[in-house]
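A short write-up of the structure that comes next.
The values are calculated or read from the model by the stated rules, or taken from the named source; none is laboratory data. Worth saying up front: this structure is predicted, and the values here are computed from it rather than measured. Here Cβ is always computed from backbone atoms with ideal geometry, including for glycine, and neighbour counts include all displayed protein chains.
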Amino acid sequence: MLSKITGLVRPVIALIVACIACNPAPGQEASSHAQPGTQWTVEQIQQAVAPMRAGRRLKPQTWPKGAKVAVCLTWDMDNDSWLLATGNTEPVVLSANEYGAREGLRRILQLYDRYEIPATFFVPAVTGILYPEVISELKRRPQHEIGIHGWIHENLPKINNRAEESRLLQQTIEFWTKALGRKPVGYRAPDWAFSAYTLDLLREAGFEYDSSAMAMDEPYELVSHNHPTGLVELPVNFGLDDVSMEPPNWEPPELAFKEFQDEFDQAYQEGTFFMLTMHPMITGHRSHLIYLDHLIAYMKAKPGVWFATAQQVADYVRPAASERNAASKRQH
Ligand SMILES: [Zn+2]
């Protein structure tokens with residue numbers, strides 16, 4: 001999701017989300033009123049939330065081979081793309097993010113090799129361009145998945161333009177299709193931020209799943225303007241992201257990973273889903289990765305834990321086309 005050497009952390013993220021929610025309703029001019037929503041009609045409120053809502057829960061009766069819980073240990077390979085998107089070219093600041101490719105990735109791949117588990121890496125196209133070794137290293141390990149994470153980690157609500165967002169998305173799909181020899185099926189929005197157009201663009205582009213929203217703890221179907229999209233949401237969570245260990249919060253890794261383990265324990269009890277978002281330039285550091293090593297060992301010691309790529313989970317929970325059509329008819 002984010003790399004924040006200059007320090008965007010959870011409270012700020014929550015503020016960003018709150019600000020996105022403060023956008024004027026479609027067709028309404030921005031107001032200087034501090035709380036424009038107080039002036040909206042019921043119809044405007046319904047319009048405001050319509051671009052993306054949570055639909056059906058997609059938790060299966062059982063996970064593959066009778067597993068109790070599905071686990072996705074995912075990485076957002078931002079590196080310095082998000083800084084370049086804002087025009088920040090300060091070399092030392094870039095270098096702290098370059099770390100993800102130069103050091104973090106190697107360690108992470110070794111760790112996953114040792115435990116024989118798969119990962120999903122959401123990679124901005126510009127990361128692939130600046131660090132082609134990221135692509136070659138991941139292609140050498142086909143058990144891992146690459147998903148789309150923007151062209152240059154652009155913030156879509158800030159673009160707020162359907163044509164421009166569509167241009168960047170198509171350019172990104174073309175890059176990865178050429179680099180991988182196949183079109184990625186998964187998407188995670190940079191900054192976990194959708195515009196009012198994003199979901200429809202993803203549906204039109206034929207994505208199978210998204211992993212940016214957080215309406216539930218378990219997989220669910222995304223709904224656009226009251227229409228089920230067939231797109232699976234594999235939800236993320238502010239509490240399941242390693243950015244809290246970045247400045248200025250500097251949450252100690254033992255506390256961050258304790259929270260991750262508590263979330264896993266509850267997901268295991270519920271028989272649901274555990275999605276962790278990490279960044280190679282954060283958790284790829286030696287003092288952080290050791291805690292991920294401990295967490296994976298803890299999970300591995302329990303029976304019935306299915307380690308999967310996001311695509312594997314989406315494929316498993318995605319309703320068949322016939323079921324989607326029936327649900328769509330029931331809705332109208
Ligand atoms: Zn990111």
Quick check on region 91-99. Is at least one of its residues within 30 Å of Ala215 (Cβ to Cβ), within 16 Å of the ligand (Cβ to nearest atom) and of a type in the set (Gly, Ala, Ser)?
no
Specify which of the listed residues (Lys139, Lys178, Lys183) is in contact with a Leu (Cβ under 9 Å, 6 or more places away or on another chain) and more than 16 Å from the ligand (Cβ to nearest atom).
Lys139
Output the residues belonging to region 174-226 that are without any contact (Cβ under 8 Å) to a residue 24 or more places away in the chain and on the phi > 0 side of the Ramachandran plot.
Gly181, Gly206
Can you find a residue in region 22-32 that is closer than 26 Å to Ala215 by Cβ, part of a helix (DSSP H, G or I) and at pLDDT below 95?
no
Residues being in contact with a Gly (Cβ under 8 Å, 6 or more places away or on another chain) and either among the aliphatic types (A, V, I, L, M) or part of a strand (DSSP E or B) (or both): count how many of those fall in region 89-116.
2
Test result for Ala85, within 16 Å of the ligand (Cβ to nearest atom) and within 22 Å of the chain's Cα centre (by Cα):
yes
Please find, among Leu234, Leu240, the residue that is closer than 23 Å to Thr272 by Cα, surrounded by 24 or more Cβ atoms within 10 Å (Cβ to Cβ), within 16 Å of the ligand (Cβ to nearest atom) and not small (Gly, Ala, Ser).
Leu234
Quick check on region 158-211: of everything there that is acidic (Asp, Glu) and within 24 Å of Phe121 (Cβ to Cβ), which residue is surrounded by the fewest Cβ atoms within 10 Å (Cβ to Cβ)?
Glu174
Across region 38-88, the tally of residues that are of a type outside the set (Lys, Arg) and outside any helix (DSSP H, G or I) stands at 28
